[in-house]
Amino acid sequence: MRYAYAKHDQEAARIDRKEGGRIDDTAAQLAYIVSAEKPGRRLRFTLKSHTGRHLTYQVQTMGGPVSVGQGRRRYVSVLTGSDNESAYTYLGTIFSWYRLNGSTEWSSWEYFHGKKSTIGADAVSAKSFLWLWNLLLSGKGLGTLAEFWHEGVCGRCGRALTDPESIAAGIGPICRKKGAS
Ligand SMILES: [Zn+2]
């Protein structure tokens, strides 16, 4: 599935990541996912379902040369361990294409589950990302089915926050305990 990606969506993606928080707007959610333009840049978000379950994803922009008419690929991975800064497993790849009429803005995006992924396409984390992606590209949005939280930073130690409660509080669980004692 493809999506016409306009400049105004990039504007919507200018979110202060240091603040952390919930994004409700469908276009802004998609814009956030693909907003990292610099090679090596990573961003993370957490999908919290209405049942309370959550999954954290990381999107990393790849380096290296790019073909004419193509943009940089983004590797999508999912948090599979306890360290929310490093314990991610590759899921699939987002491809992007330029409009070929001389415009330099991204015109379309497409996601494929990775053949090299050690996670099956029918796993919950893989299906959930595809579900999110299709809802965002179709413009239907998440509605009340799930919440989209972009990562925050702990106000005390500077570590990444990916749990919605911690993001909302602006402080991680370890630092919260230290503060209480
Ligand atoms: Zn902390």
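Quick note: the coordinates plus some simple rules give every number you see, no bench work behind them. Source: prediction; values computed, not measured. Here Cβ is always computed from backbone atoms with ideal geometry, including for glycine, and neighbour counts include all displayed protein chains.
Details
- Cβ separations smaller than 7 Å between residues 6+ apart or across chains give the following pairs from region 60-89 residues that are on the phi > 0 side of the Ramachandran plot to residues that are surrounded by 17 or more Cβ atoms within 10 Å (Cβ to Cβ) and aromatic (Phe, Trp, Tyr): 69/98.
- Residues satisfying the stated conditions in region 132-164, i.e. among the charged types (D, E, K, R) and within 18 Å of residue 51 (Cα to Cα): 147, 163
- Within region 151-175, residues that are farther than 15 Å from residue 42 by Cβ and in contact (Cβ under 8 Å) with a residue 12 or more places away in the chain have Cβ atoms under 6 Å from residues that are more than 8 Å from the ligand (Cβ to nearest atom) and of a type in the set (Phe, Trp, Tyr) in these pairs: 164/149; 167/149, counting only partners at least 6 apart in sequence or on another chain.
- In region 41-82, the residues that are over 25 Å from residue 163 (Cβ atoms) and either among the small types (Gly, Ala, Ser) or in contact with a strand residue (DSSP E or B) (Cβ under 8 Å, 6 or more places away or on another chain) (or both): 62, 63, 64, 67, 69, 70, 71, 72, 73
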